[in-house]
């Protein structure tokens, strides 16, 4: 418990620190804009804001604001003010813990062996701290706490407080390039992450180790899994380009979400330089391959975008978009769709997302059980939920008549994991379109959500018969550390 509380304290502080940096950069950008436009008396032009599309005919829901060009806007100022309220409330709780108001550690009677071990681990922790070896410090401190020595808990609180103060006083390098402040914020985020999380969550580039279908065939231990708020990823597109890049684009890099379960990458899109995706102005969408498991919303979820445009040589590659963006719980009682639009130096990226309340994870698989895919027809497999049926999740799209099937008949979907409200429905559909005369054949199956086990549906396109299997699972909401095996979640 002590470890989890310490991580929660530090996690809240990193969010607070980044929010403060964001406000500082906003002020710098405003000053630059005033200088460009003729002095402080000129007003900044209004920027476009986003609107949420609410499901179930719910009332209007507060949604995140966009920035349509580099800089800040009145809408973003309001967003920052709201974020500051949330973060300052979290910081107040942290300060209370530092004073011993909230935390009550379990009392343990120390044996002679515990006393001896405490002395050893204390020495190791103190030496590691002097050497600025944070992973070893964290490991030794946890082992020291486990001995039951009350001094270990006291020391942990003091060191966390000292670390927070050091981060607060960390000066910005005057030579740092801040012309693209979103890229600067992303760099700061990585530095904080690598300072705070390596021992508990591995390397910054590591992908999540928590699998999908975690509780499809078994129950969680101690009731630690429930229907929970999640994020649905519908699309990611390059919404616009700045000077210096032109259509079409050969794009590579990563788009990922990081939630509180392990702070690692839950990859949504990932391509290496030798396997770029060609993107055209007429179809500027990335072909998504994730998430690999449902994205849990326990404040905040961080979206990481690190995309490059391939040049003639590696030295000529350009940074298309590099930014991180937090998403906080909206408080809505109904699921809804919203857009996140973020502009950096060379591009504007738009993510279309769904805030899914009381949801479970659905893992979809499709298998050919009879016949063959019709010749001369391209195909698209999609998934929708009853609450947000206007937005489709593309599971697979193929432009020729070559359905990707392995030896046992299983179709190789690009994406397979979606979120569905626990009292909702999931529709899995297929559309076949003729390559020449453009005629269309459709089929779909509807499945009611479950909290575990599997559901089945059948699809048929001409002679091609397919079976849809959906594996349902509840979701954990407690952090998973690298030294904790998944089955114990």
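Bear in mind these aren't lab numbers, they're just calculated from the coordinates by the rules spelled out. This structure is a prediction, so every number in the text was calculated from the model and none was measured. As a convention, Cβ positions derive from the backbone with ideal geometry for all residues, glycine included, and neighbour counts pool all protein chains shown.
Quick look at the values:
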quantity	calculated
Square roots of five times the Cα gyration tensor eigenvalues for the stretch 150-302, Å	33, 27, 12
Pairwise label distance in nanometres, residue 278 with residue 158, each label 7 Å out on the Cα-Cβ vector	6.4
Relative contact order (%) - the stretch 349-489, alpha-carbon pairs under 8 angstrom, separation at least six	30
Exposure proxy order (Cβ contacts within 10 Å, fewest to most) of 162, 259	162, 259
Semi-axis lengths (Å, descending) of the ellipsoid that matches the C-alpha gyration tensor of the stretch 215-262	40, 11, 10
Relative contact order (percent, whole number), the stretch 221-476, Cα cutoff 8 Å, 6+ residue spacing	21
Normalised convex hull volume, the stretch 386-489, alpha-carbon set, Å³ per residue	157
For the stretch 341-400: rounded, prolate or oblate by the Cα gyration tensor [a/c cutoff 1.5]	oblate
Residue order, fewest to most surrounding Cβ atoms within 10 angstrom, among 398, 303	398, 303
Isotropically averaged projected area of the stretch 230-329, using the convex hull of Cα atoms (one quarter of hull area), nm²	6.7
Tensor-based shape of the stretch 221-476 (alpha-carbon gyration tensor, a/c under 1.5 rounded, otherwise prolate or oblate)	oblate
Stretch gain in nm, segment residue 389-residue 444, where the contour uses 0.36 nm per residue and the Cα spacing is subtracted	18.5 nm
Fraction in percent of alpha-carbon pairs per bin - 5 Å, the stretch 304-356	5, 15, 23, 17, 14, 10, 7, 4, 3, 1, 0
Alpha-carbon centroids, the stretch 276-316 and the stretch 421-453: separation in whole Å	25
Chain lengthening between residue 467 and residue 408 when straightened (0.36 nm per residue, less Cα-Cα)	20.0 nm
